[in-house]
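Okay, so here's the structure we're looking at.
The values are calculated or read from the model by the stated rules, or taken from the named source; none is laboratory data. Bear in mind that the values here come from a model prediction, so they are computed numbers and not experimental data. Virtual Cβ from ideal backbone geometry, glycine too; neighbours counted across all protein chains shown. Side chains included, ligands, DNA and RNA excluded: accessible areas come from the protein's heavy atoms. Shrake-Rupley method; radii C 1.70, N 1.55, O 1.52, S 1.80 Å.
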Amino acid sequence: LRQALQLDPPGTPVKLTEPYQFLAEIGDDLRDALGVDTVPLWRTGNIFGFANEGWKEWTTFAGTPVLVPDKFNTEPESNGEIRQYPQGDRTATASARMPKGGFYFDSIIRQDPIDDDNLNVEDNLEEWVPISDLDLAHIATEIERLARTDRAIIGDFGGSSFGDAALVPGMELRHPKGIRAIDEWYMSMNMRSDYVYALFEGQCEVAMQNLAKVHQIVGNRLTGVVVSTTDFGAQNGPLFSPKTYRQLFQPFHRKINDWIHENTTWKTFMHNCGSIWRLLDDVADAGFDCINPVQTSATDMDPEALKAKYGDRLTFWGGGIDTQKVLPFGTPDDVRAMVRDRIQIFGSGGGFVYAPIHNVQAGVPIENLLAMYEAVAKYRDRAVL
């Protein structure tokens, strides 16, 4: 994309700031070219437990030149896959793998045998710790830099995503203990609900202390903060019932959202993939201001119905283009038509931040990607206000 926009010569590597999902750093020149009006404020580390520093060159299986942190393992196994290690420690058991020819890392489940009589909540709380002085110093420096960009600053400091399946395996831990297998985790919400609730209590306490420390540094210069990245929906419906959400998740979401709204001007952001229509009443009641990625391709996630029922309670951050079918497999005209329609639907009366439905995947034709951004620039001021 940068080459198509003539911002970079061919072969220029991009910096991967979230190597787990291969998300690249977006420079201000690219933001200007695409009309992007937000910037992220993150901590220093990544999901593997090492800092994004000491950049080195690497080439992905697809042939893309990138820069990765110095502790990112680039040496393939005998079967061609790439493995990552907690905190970059090659003496530990690998915690993630990318199959040969793949695009993303899958967590490697390292589940000890579970003894229900001796389960200890502290084991699952190992990674939920007070924010480090290093991260606070980084945030203090970054907020000054980002404040000069005149863009909306969105903070993502982690720690408050209760039960996020991407985090449950503990990929940053050398020897994760407690409940770490994904299937075991989802069963535990029913079979061990008291344990899960106690875990969330401990996590919430630390998360709120961390947010208070961050607020002391950044004040109200943040526009919004990511509170939850836990996915509650599958393609055809929620992963669990509204009752489970109300019992296990909502009390802690409400506690964090209430603190933010009472002590800051920040807006609260929930990332939640899939079909979550049946949960949205409770999500809104928990005090969230904004939902993402608004997966309109999932069951019961009709754009007009979402806007009609929740448009006065929630801001929609996403839903701008179907990234499963239209963006990768449609024509540029198909893309433009959907962008126009989604801006008109979600933008009516305000409360819409244009974005595609989740990350743009590998293999999307560059013509379609450019068509999306061209259409956003053309129609962004034409919503029925």
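So the values come out like this:
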read-out: Verdict on ARG151 being surrounded by fewer than 18 Cβ atoms within 10 Å (Cβ to Cβ), under 16 Å from GLY45 (Cβ atoms) and touching a residue at least 24 places away in the same chain (Cβ under 8 Å); value: no
read-out: Filter pass, ILE143 being at pLDDT 95 or above, out of contact with any His (no Cβ under 9 Å at 6 or more places or on another chain), assigned to a helix (DSSP H, G or I) and within 30 Å of VAL36 (Cα to Cα); value: yes
read-out: Among (1) in contact with a helix residue (DSSP H, G or I) (Cβ under 8 Å, 6 or more places away or on another chain); (2) within 20 Å of ASP106 (Cα to Cα) - the single one VAL36 does not satisfy; value: (2)
read-out: Filter result for the condition that a residue is outside any helix (DSSP H, G or I), open to solvent by 20 Å² or more (accessible area, probe 1.4 Å) and either of a type in the set (Gly, Ala, Ser) or modelled with pLDDT under 95 (or both), over ALA165, ALA137; value: ALA165
read-out: Any hit, the range 240-256, residues being among the polar types (S, T, N, Q), modelled with pLDDT of 95 or more and within 18 Å of the chain's Cα centre (by Cα); value: no
read-out: Residue within the range 311-329 that is closer than 20 Å to ALA165 by Cα and not aliphatic (A, V, I, L, M) present; value: no
read-out: The range 168-196 - residue that is in a loop (DSSP other than H, G, I, E, B) and under 23 Å from GLN209 (Cα atoms) and, of those, most open to solvent (accessible area, probe 1.4 Å); value: GLU172
read-out: The range 187-202, residues that are out of contact with any Leu (no Cβ under 9 Å at 6 or more places or on another chain) and hydrophobic (A, V, I, L, M, F, W, C); value: MET187, MET191, ALA198
read-out: Of all residues making up the range 78-111, the number that are under 23 Å from ASP183 (Cα atoms) and open to solvent by 60 Å² or more (accessible area, probe 1.4 Å); value: 6
read-out: Considering residues of the range 112-134 that are outside any helix (DSSP H, G or I) and not hydrophobic (A, V, I, L, M, F, W, C) only, the residue least open to solvent (accessible area, probe 1.4 Å); value: GLU127
